[in-house]
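Remarks on the structure that follows.
The values are calculated or read from the model by the stated rules, or taken from the named source; none is laboratory data. Everything numeric here is computed off the predicted structure, so don't read it as measured data. Heads up, the Cβs are rebuilt from the backbone with ideal geometry, glycines too, and the neighbour counts pull from every protein chain shown. These accessible areas exclude ligands, DNA and RNA; they are computed on the full protein's heavy atoms, side chains included. Shrake-Rupley method; radii C 1.70, N 1.55, O 1.52, S 1.80 Å.
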Amino acid sequence: MKIYVAGIGPGSPEDITPAVLEAVRDSDVIVGYKYYFQFITPYLKPGTECIDTGMKKERDRAEEAFRLAESGKTVCVISSGDAGIYGMTPLIYEMKKERGTEGKASGTVAGKPEADASGTVNGKSIEIVPLPGISAFQKAASLLGAPMGHDFCVISMSDLMTPWRVIEKRIKAAARGDFVTAVYNPKSKGRYWQLHRLKEIFMQERKADTTVGYVRQAGRADQEVKITTLAEFDPEDVDMFTIVIIGNSQSYQWNGKFITPRGYYRQQADEGKNVGQSIMIKSFQTIRKELKNPDVEIWKLWPMLHAIHTTADFDMENLLWMDEKATETLYNKVASGQIKTIVTDVSMVASGIRKGALERLGIEVHSYISDPRGAEMAKAHNITRAQAGIRLALEDYPEGKGVLFAFGNAPTALLELCELIRKGKCKPEGIVGAPVGFVHVEESKHAAKPFTDIPKILIEGRKGGSNLAATLVNSILTFDDAVGLRPGRDV
């Protein structure tokens, strides 16, 4: 006695496997939903019976299959796609387990043979033969191009057997995990809002231009194939016969195809490049995926990625304060030669600024913290050496012309510059303010904000540091690399 459980593919004859066709020919009875009989009728042997149990009658279908098998017939239970994926195979095995573990002796119940504890009927075993088929998401993927090239998951939106709260939990996990996600049963007459909710969740975790493809009636006569973006995807254009596939952060459209790279070609292309750069690129990609709002404008995103990469502190997303388009404005000043010098409060900031970028752009960096003149001035005026350094800088660069000031340690130096700006004694080209500590730190940053005609990048609160100030300067010097989200060139 035998029960085949066969996946007949999405619907087209060429997508039915030879093994399934052989099982269909070998069977005395076909059990399934009548809509699918049309796809296997040409392959039936004469006298084969087809039994329809109706839509949504999966358990009845399984019980009928066992009843027929117990009577000595070879049965084939058919499912569309792959019978093991949202199909009949799990139910058939569960039912065999139920029928075979009831602990009752072999015999009859109400005149019907009953399986004993070993899964046999009257001493004869019922053999279950699962046969895989081409799943609908595989067929849809082949029509779209190659969207499943990396880690993926499949989620059914049907809440007939799974509570919605569980489905939503899985949607969030897929979105956050950057899985390519295939969506089954996306919509029905009774389920009209769930796909809208799925899109809402993915929009919180993925970029608006994430590639989305969907196929209606894959492999059948009225097949439709569409590729769009997550932002443009309209759930109202989908019905219950549609498979939706949402790409990951690396997916893209090319030549009318939806492609998710596996990484081999990219890895080969990167061979010979600086290993540190490769690690930094991956770090930037990871950081962006974990941002609460990854779709901020590039002039703010670029320094934010640098700040988080340097500190591993995602609080930078909240602490980064910038004038409108500050990074872009300051880069344009650098590129045009308007900024020729960077003055830092301490030498540690200067040492963290990329030397290759400085050389490429023709920028000089100076720190006056160790200047002997500063020590004398600090003693004479009862000020800090960092404050004295600002005064010395303005002696060398009157009014701060051509100078970008960067602070990563001394709030007194930033307060000194703000006081001189307020008195009209200088107007620098820009300010990077990230002093760190507990005394006058927050006040120094607030003091810089009112000068709206000077572009500024600040780290609010007590946090900051020389490394943070340097990386913010680096984000300015490499802003021409921001479009491709490359971490910035050294040369």
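Estimated at 0.36 nm per residue, the fully extended path between Ile51 and Ala335 surpasses their Cα-Cα distance by 94.6 nm.
Compared with the dominant principal axis of the Cα atoms in the chain, helix 194-205 is inclined by about 30°.
The simple Förster model, with R0 at 25 Å and r as the Cβ-Cβ distance, assigns Asp313 and Lys172 a FRET efficiency of 0.55.
Length gain on complete extension for the stretch Asp396 to Glu443, per 0.36 nm per residue less the alpha carbon to alpha carbon distance?
Values: separation 47, 0.36 × 47 = 16.92 nm, distance 2.72 nm.
So the chain would gain 14.2 nm between Asp396 and Glu443.
Distances between placed amide hydrogens fall under 5 Å for Glu127 paired with Lys2, Ile3, all partners being 5 or more residues away or on another chain.
Amide hydrogen proximity for Asn409: with H placed 1.01 Å from N in the peptide plane, the residues at 5 or more positions away or on another chain lying under 5 Å are Val436. Measuring between their Cα centroids, segment 24-79 and segment 188-222 lie 33 Å from each other.
Using θ = phi - 60° in the Karplus curve 6.51 cos²θ - 1.76 cosθ + 1.60, the 3J(HN,Hα) couplings for segment 39-55 round to 7, 10, 3, x, 9, 6, 7, x, x, 5, 8, 10, 10, 9, 9, x, 5 Hz; x is entered for Gly and Pro.
Going toward the positive end of the dipole of the chain, with +1 on Lys and Arg Cβ and -1 on Asp and Glu Cβ, which of Val29, Ile308, Val439 do you reach last? My answer, from the dipole projection, is Val439.
For segment 298-369, averaging the sequence separation of C-alpha pairs within contact (under 8 Å, six or more residues apart) and dividing by the residue count gives a relative contact order of 27 percent. In the context of the full set of protein chains, the chain has a per residue accessible area of 48 Å² (1.4 Å probe).
Dipole size of the chain about its Cα centre, with +1 on Lys/Arg Cβ and -1 on Asp/Glu Cβ: approximately 280 debye, rounded to the nearest 20. Computed with a 1.4 Å probe over protein heavy atoms only, the accessible area of Val441 comes to about 0 Å².
Taking amide hydrogens as placed 1.01 Å from N in the peptide plane, the amide H of Ile339 sits under 5 Å from those of Val334, each at least 5 positions away in sequence or on another chain.
Here Lys34 and His150 are evaluated by their C-beta separation; at R0 = 35 Å the FRET efficiency comes out at 0.35.
Helix 385-396 against the longest principal axis of the chain: what's the angle in degrees, Cα atoms only, rounded to the nearest 10? On a 0 to 90 degree scale, this one is about 70. Within straight-line reach of Lys325, meaning a Cα separation under 24 Å, sit the following lysines at least 8 residues removed in sequence or on another chain: Lys207, Lys289, Lys292, Lys300, Lys333, Lys340, Lys401, Lys427, Lys445, Lys449, Lys456, Lys463.
What full-extension length gain, to one decimal in nm, is calculated for Glu200 and Val296 as 0.36 nm per residue of separation minus the Cα-Cα distance?
Length gained, Glu200 through Val296: 32.8 nm.
Note the listed values (1) 24.3, 77; (2) 21.1, 63; (3) 33.6, 112, then indicate which one is Rg and Dmax of the Cα atoms in Å calculated from this particular structure. Evaluating Rg and Dmax of the Cα atoms in Å on these atoms matches (3).
Here each label is just a point 7 Å from Cα along the line to Cβ, and for Thr286 and Tyr252 those points are 2.3 nm apart. Note the angle between two axes, namely the Cα long axis of helix 58-70 and the longest principal axis of the Cα atoms of the chain, as a number of degrees from 0 to 90, rounded to the nearest 10. Tilt of helix 58-70: around 40 degrees. Just the protein heavy atoms count here, and of the accessible area of segment 365-491 at 1.4 Å, carbon and sulfur take up 53 percent. Placing Met161, Met55 in order of accessible area, with the largest value first and a 1.4 Å probe, yields Met161, Met55. Residues Tyr36, Tyr86 ordered from highest to lowest accessible area at a 1.4 Å probe: Tyr86, Tyr36.
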